[in-house]
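Engineer: After the structure tokens below, expect a handful of questions from me.
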Amino acid sequence: RSPVCGAFDSICAEPQRSSRTTMRAIPGALSEGAFVENETYPAEMEMSAAVPYLRYPKQLKGWAGEEKGFDPLGVTDALPVYWVREAELKHARVCMLATLGWIATDLGMRFPGEKFQSIASTVEAHNKAVEAGYMLPFLGAIGTFELYGLWLIFKGWPKEIKRDAGDFFLGKNFLPKDPTKEKEMRLKELENGRLAMFAFSGIVTQAVITGKSWPFM
């Protein structure tokens with residue numbers, strides 16, 4: 001059982017289960033590797049739609065994206081889905097905004113003022129902001145928001161307040177009123193956010209390695 005669960009067993013991840021596959025040594029089968037995988041799933045076991053050779057993570061039932069069953073690393077076997085989804089949505093939203101901001105800056109958008117107009121690239125913008133002392137106020141603002149978010153997590157996870165993971169009570173009024181469409185919108189945010197996390201990682205890597213601006217041609 002995960003040490004994170006503590007007193008919240010009823011809403012925690014499931015107890016530790018057997019591994020998804022077992023490994024056995026095959027003497028003399030060095031040409032095939034020292035070990036081969038033996039599938040341990042019964043034929044009637046429900047499999048993940050996103051990763052068909054892995055079992056369906058039952059703990060995702062009731063969450064946005066449950067129909068996809070996407071948890072290839074089995075993170076929710078060890079950690080509460082509430083915490084995992086909170087972290088995923090936070091990073092997804094940050095990366096969606098960061099990807100858009102990075103591309104906009106590389107295409108020439110700047111804040112008014114000569115000090116901003118003279119910045120050559122997004123990578124340089126970070127360094128210039130540090131030199132000018134702008135990052136400290138940013139750090140203070142982000143730290144305050146993070147403390148508020150942590151308070152919401154500890155209130156929402158044990159259901160002391162009615163709060164979904166990742167809900168900061170800012171945008172729910174913009175969700176469709178129809179439950180089916182609301183579910184679709186939540187799934188779109190999740191999947192676009194996952195894509196943005198990969199995209200932002202790739203953009204930063206390309207920018208630093210090539211020294212060029214987006215689209216790095």
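Every read-out reported here was derived from the displayed coordinates using simple, explicitly stated rules and does not represent laboratory data. Keep in mind the model is a prediction, meaning the values are calculated, not measured. Here Cβ is always computed from backbone atoms with ideal geometry, including for glycine, and neighbour counts include all displayed protein chains.
Engineer: Short version: what are the Cα gyration tensor semi-axes of the stretch 61-195, square root of 5 times each eigenvalue, largest first, in whole Å?
Structural biologist: Values: eigenvalues 224, 68, 45 Å².
Sorted largest first and rounded, they come to 33, 18, 15 Å.
Engineer: From largest to smallest, what semi-axes in whole angstrom does the stretch 118-217 give when each is the square root of 5 times an eigenvalue of its alpha carbon gyration tensor?
Structural biologist: Values: eigenvalues 230, 96, 25 Å².
Taking √(5λ) for each Cα gyration eigenvalue gives 34, 22, 11 Å.
Engineer: With label points built 7 Å along Cα→Cβ from the Cα atoms of F216 and V75, find their separation and express it in nm.
Structural biologist: 2.3
Engineer: Could you name the lysines in cross-link range of K159, using Cα to Cα under 27 Å and dropping any fewer than eight places away on the same chain?
Structural biologist: Straight-distance partners of K159: K58, K61, K68, K90, K172, K177, K181, K183, K188.
Engineer: If amide hydrogens are placed 1.01 Å from N in the peptide plane, which non-local residues have theirs closer than 5 Å to the one on M47?
Structural biologist: Y56
Engineer: If contacts are Cα pairs under 8 angstrom and at least 6 residues apart, what is the relative contact order of the stretch 67-215 in percent?
Structural biologist: 40
Engineer: Continuing with this model, one more query. At 0.36 nm per residue, minus the direct Cα-Cα distance, what do I209 and K162 gain on full extension? Give it in nm, one decimal, please.
Structural biologist: Difference between extended and current length: 12.4 nm.
Engineer: Please give, to one decimal in nm, the separation of the simple spin-label points placed at M109 and E131, each 7 Å out from Cα toward the Cβ.
Structural biologist: Computed distance between label sites M109 and E131 equals 2.5 nm.
Engineer: May I pose another question? Compute the FRET efficiency between K188 and E46 as 1/(1 + (r/R0)^6), taking r as their Cβ-Cβ distance and R0 = 35 Å, and round to the nearest 0.05.
Structural biologist: 0.90
Engineer: Let me ask another. K128: which lysines have alpha carbons under 18 Å from its alpha carbon, excluding same-chain residues fewer than 8 sequence positions away?
Structural biologist: Once the sequence-local lysines are set aside, what remains near K128 is K115, K212.
Engineer: Whole-Hz ³J(HN,Hα) for each residue in the stretch 118-128, computed from phi via Karplus 6.51 cos²θ - 1.76 cosθ + 1.60 with θ = phi - 60°, x for glycine and proline: what do you get?
Structural biologist: So the Karplus estimates, Gly and Pro as x, are 7, 6, 7, 8, 5, 4, 5, 4, 4, 5, 5 Hz.
Engineer: While we're looking at this one, here's another question. Going 7 Å from the Cα of E67 in the Cα-to-Cβ direction, what parts of the stretch 151-195 have a backbone nitrogen less than 17 Å from that spot?
Structural biologist: From the stretch 151-195, the list is 176-192.
Engineer: A further question on this structure: Just to check I understand the Karplus step: with θ = phi - 60° and J = 6.51 cos²θ - 1.76 cosθ + 1.60, what whole-Hz values come out for the stretch 73-79, glycine and proline as x?
Structural biologist: Ordered by residue, 3J(HN,Hα) equals 8, x, 4, 6, 6, 10, 10 Hz.
Engineer: I need the chymotrypsin sites (Phe, Trp or Tyr not before Pro) found in the stretch 52-122, filtered to DSSP loop residues with at most 12 other beta carbons within 10 Å of theirs.
Structural biologist: Here the chymotrypsin sites (Phe, Trp or Tyr not before Pro) that fit, given the DSSP loop and packing criteria, are Y53.
Engineer: Further question: Using DSSP to call loops (not H, G, I, E or B), can you name the trypsin sites (Lys or Arg not before Pro) in the stretch 169-217 whose Cβ has at most 11 other Cβ atoms within 10 angstrom?
Structural biologist: K177
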